[in-house]
Protein chains: 2
Amino acid sequence: MLSEFDLIKHYFDRPVPGRATLGIGDDCALLTPAPGMQTAISSDMLVEGRHFFAGEEAQRLGHKSLAVNLSDLAAMGARPVAFTLALALPAADRAWLEGFSRGLFALADAHGCELIGGDTTKGPLTICITVFGEVAPGRALRRSAAVAGDDVWVSGTLGDARLALAGYRQEPALAAPLNAADLAAAGSRMHTPTPRVALGVLLAERGLAHAAIDISDGLVGDLGHILARSGVGATLDADALPAGPVLAAQPLALRRAFTAAGGDDYEICFTAPAASRAAIAAAATECSTPVTRIGRIDGAPGLRWTDAAGAPLALELASFDHFK
Amino acid sequence: MLSEFDLIKHYFDRPVPGRATLGIGDDCALLTPAPGMQTAISSDMLVEGRHFFAGEEAQRLGHKSLAVNLSDLAAMGARPVAFTLALALPAADRAWLEGFSRGLFALADAHGCELIGGDTTKGPLTICITVFGEVAPGRALRRSAAVAGDDVWVSGTLGDARLALAGYRQEPALAAPLNAADLAAAGSRMHTPTPRVALGVLLAERGLAHAAIDISDGLVGDLGHILARSGVGATLDADALPAGPVLAAQPLALRRAFTAAGGDDYEICFTAPAASRAAIAAAATECSTPVTRIGRIDGAPGLRWTDAAGAPLALELASFDHFK
């Protein structure tokens, strides 16, 4: 039987050269901040049966647990530095821990983000990661910084994660069940999202964007936070929203609904002055992250939709709320 | 019905002047580190039915959730700065949130520790706090720093939290059931522990102690981490262990067992050179935290016990392990 301390030592305590002066194995980790930089901090909790299916494969769960946190750093334009992991587990299952730590560390290493501490306990499977990044003062991309006249952009594609959920659940909204290949392709967006760290960092360091947010609850709801905090509104082209490759083959109404308010996308929505367009395109190419212009910020509050021809559209959409 | 965002705004989003440039309500919080200081970071996860009873009163749970994290900072000698809170709740219950946030913020305010971000979700009641403190380089009290010849000290008293647990469970080890007043007194040590922040900070800032750890799993196990990391052993006087006031009236064997390996104490165990004795006593008086010398660090590995007369004692004790 694996003890709590053996478990930490065996699966999570790795000597990694990094910013941490002291990592796992003391009361606290010690981090030496880079002089003059601000620390960006985000914390996300994932609960079995809520944020992921019971029995979810451990390796991709390890990936996703860190990915959703890195996505918050990306939306701030902060470079990842380190993270803590608190884990409640029903049992100390070696195969699960092996897979989970493999998925976790593969993504952490790809971003130079070091595990510096945490906690393990017995309990219903729950994963809480707190991530630390750094950003130069005044460079962070805040939700409150959108300005009337800004373009609204999104990275990557939207809606395939939501489509996969509909596929798994066999929701009646689907015209026909997804075939196995489509379900696997869309499912990969749900299970192993790609945090847009490099794009966020370029946008912030080059001063290209005003406001940004990561799309986790759906575009409408998340852009809504930018609009509320910035005291502005927006007009979006429903047909400009970049649909994931599987969703793109679905009927128009489903495409619109899932791109606009699907959730679990982990793309970045950001606003930027029109003067930044060429530089944004160049940054996107540089980090191999597609970006799409989907509308503009207005002075008048509220969110308005048009179709590709510019005609007004009435879309009734709402984002995900954990307590509704 | 309270939405996730209303919940955060109403109960947890308070404008507090502090180190945070940006707190709750963006993708990340932004913290500006004090120039030249290291950041101490600790994360603890509390699970209903495991770390606290189902139905535990919300206000004291709010206190305890932060207290166990502040205790980790105390054991490092770091000054509290800020924390994040991730919360899984079965439902958005206003009375519970009211009580929990009251208990949480009362302790946070007493330590100037600011809530800067976090996450709320639906799920089995689980609380994950990550706390940030600051400490000057080279001043942190590490587990690996004990030296043969050091005195071993503990703050406060031990064992009353464990006694309360025995009382609630009516464990057969108790000679007689605890009366209501005793159970309430011992229970307060379990429900509302006092993190020894001021003592830890004085020990670190004045360079009085070598190694330190907070006692959460029981003295034997936690001191054992200092011994293992420092490559040393210790000899302790079982009868010098300061018992809590309720436990002090119990039979000797129970007193020894619960002071040595009770758990949930949230006192600090630290080692220090004999030359620091007077300065430690002065620091303890200054911060109104009693301290007791309970033994010494030896070069030979292992933990040895004596009684008050110095005669060897064979105590068979083990600390708490979440997976055993």
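What the table shows:
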quantity: Single residue of B:118, B:99, B:103 found to be more than 22 Å from residue B:189 (Cβ to Cβ) and of a type outside the set (A, V, I, L, M, F, W, C); calculated: B:118
quantity: Extreme residue, farthest from residue B:44 (Cα to Cα), among residues of region B:55-73 that are of a type in the set (Gly, Ala, Ser) and in contact with a strand residue (DSSP E or B) (Cβ under 6 Å, 6 or more places away or on another chain); calculated: B:71
quantity: From the options A:292, A:259, residue that is surrounded by fewer than 21 Cβ atoms within 10 Å (Cβ to Cβ) and hydroxyl-bearing (Ser, Thr, Tyr); calculated: A:292
quantity: Test result for residue B:138, in contact with a helix residue (DSSP H, G or I) (Cβ under 6 Å, 6 or more places away or on another chain), closer than 30 Å to residue B:274 by Cβ, within 14 Å of another protein chain (Cβ to nearest Cβ) and not aliphatic (A, V, I, L, M); calculated: no
quantity: Which numbered condition residue B:40 fails, given (1) under 30 Å from residue A:200 (Cβ atoms); (2) within 7 Å of chain A (Cβ to nearest Cβ); (3) over 19 Å from the mean Cα position of the chain (by Cα); (4) not hydroxyl-bearing (Ser, Thr, Tyr); calculated: (3)
quantity: Which numbered condition residue A:147 fails, given (1) among the β-branched types (Val, Ile, Thr); (2) part of a loop (DSSP other than H, G, I, E, B); (3) buried (at least 24 other Cβ atoms within 10 Å of the Cβ); calculated: (3)
quantity: Residue match in region B:171-183 (condition: touching a helix residue (DSSP H, G or I) at 6+ places or on another chain (Cβ under 9 Å), crowded, with 18+ Cβ neighbours inside 10 Å and under 16 Å from residue B:74 (Cβ atoms)); calculated: no
quantity: Which listed residue, of B:175, B:180, B:146, B:184, is closer than 18 Å to residue B:257 by Cβ and aliphatic (A, V, I, L, M); calculated: B:175
quantity: Among the residues listed as B:29, B:58, the single one being in contact with a Gly (Cβ under 7 Å, 6 or more places away or on another chain) and facing chain A (nearest Cβ under 7 Å); calculated: B:29
quantity: Residue count for region B:64-85, restricted to those that are charged (D, E, K, R) and in a strand (DSSP E or B); calculated: 1
quantity: Conditions (1) within 14 Å of chain A (Cβ to nearest Cβ); (2) crowded, with 16+ Cβ neighbours inside 10 Å; number of the one not met by residue B:228; calculated: (2)
quantity: Index of the failed condition, residue A:240 passing every other in (1) within 20 Å of the chain's Cα centre (by Cα); (2) aliphatic (A, V, I, L, M); (3) closer than 22 Å to residue A:149 by Cβ; calculated: (1)
quantity: Test for residue A:104: is it of a type outside the set (Lys, Arg) and more than 9 Å from every other protein chain (Cβ to nearest Cβ); calculated: yes
quantity: Elements of type strands (runs of 3 or more DSSP E) contained in region B:200-316, each with 2 or more residues being of a type outside the set (A, V, I, L, M, F, W, C), modelled with pLDDT of 95 or more and within 26 Å of residue B:166 (Cβ to Cβ); calculated: B:291-298
quantity: Qualifying positions in region B:85-94 - within 7 Å of chain A (Cβ to nearest Cβ) and surrounded by fewer than 24 Cβ atoms within 10 Å (Cβ to Cβ); calculated: B:92
quantity: Residue list for region A:50-83, filter: crowded, with 24+ Cβ neighbours inside 10 Å and without any contact (Cβ under 8 Å) to a residue 60 or more places away in the chain; calculated: A:62, A:83
quantity: Among residues of region A:107-135, those that are facing chain B (nearest Cβ under 7 Å), over 17 Å from the mean Cα position of the chain (by Cα) and crowded, with 23+ Cβ neighbours inside 10 Å, counted; calculated: 5
quantity: Leading residue by the ranking (nearest to residue A:119 (Cα to Cα)) among those in region A:20-63 that are hydroxyl-bearing (Ser, Thr, Tyr) and outside any loop (DSSP other than H, G, I, E, B); calculated: A:43
quantity: Residue selected from region B:158-175 under the condition in a loop (DSSP other than H, G, I, E, B) and out of contact with any strand residue (DSSP E or B) (no Cβ under 6 Å at 6 or more places or on another chain), by the criterion nearest to the other protein chains (Cβ to nearest Cβ); calculated: B:171
quantity: Lone unmet requirement of (1) over 30 Å from residue A:26 (Cβ atoms); (2) in a loop (DSSP other than H, G, I, E, B) for residue A:112; calculated: (1)
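Rundown of residues vs (1) acidic (Asp, Glu); (2) touching a Phe, Trp or Tyr at 6+ places or on another chain (Cβ under 6 Å), yes/no style:
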| residue | (1), (2) |
| --- | --- |
| A:4 | yes, yes |
| A:22 | no, no |
| A:51 | no, no |
| A:59 | no, no |
| A:71 | no, yes |
| A:95 | no, no |
| A:118 | no, no |
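The values are calculated or read from the model by the stated rules, or taken from the named source; none is laboratory data. A quick note: this is a predicted structure, and the numbers were derived from the prediction, not measured. In this analysis, Cβ positions are derived from the backbone assuming ideal geometry, glycine residues included, and neighbour counts consider all displayed protein chains.
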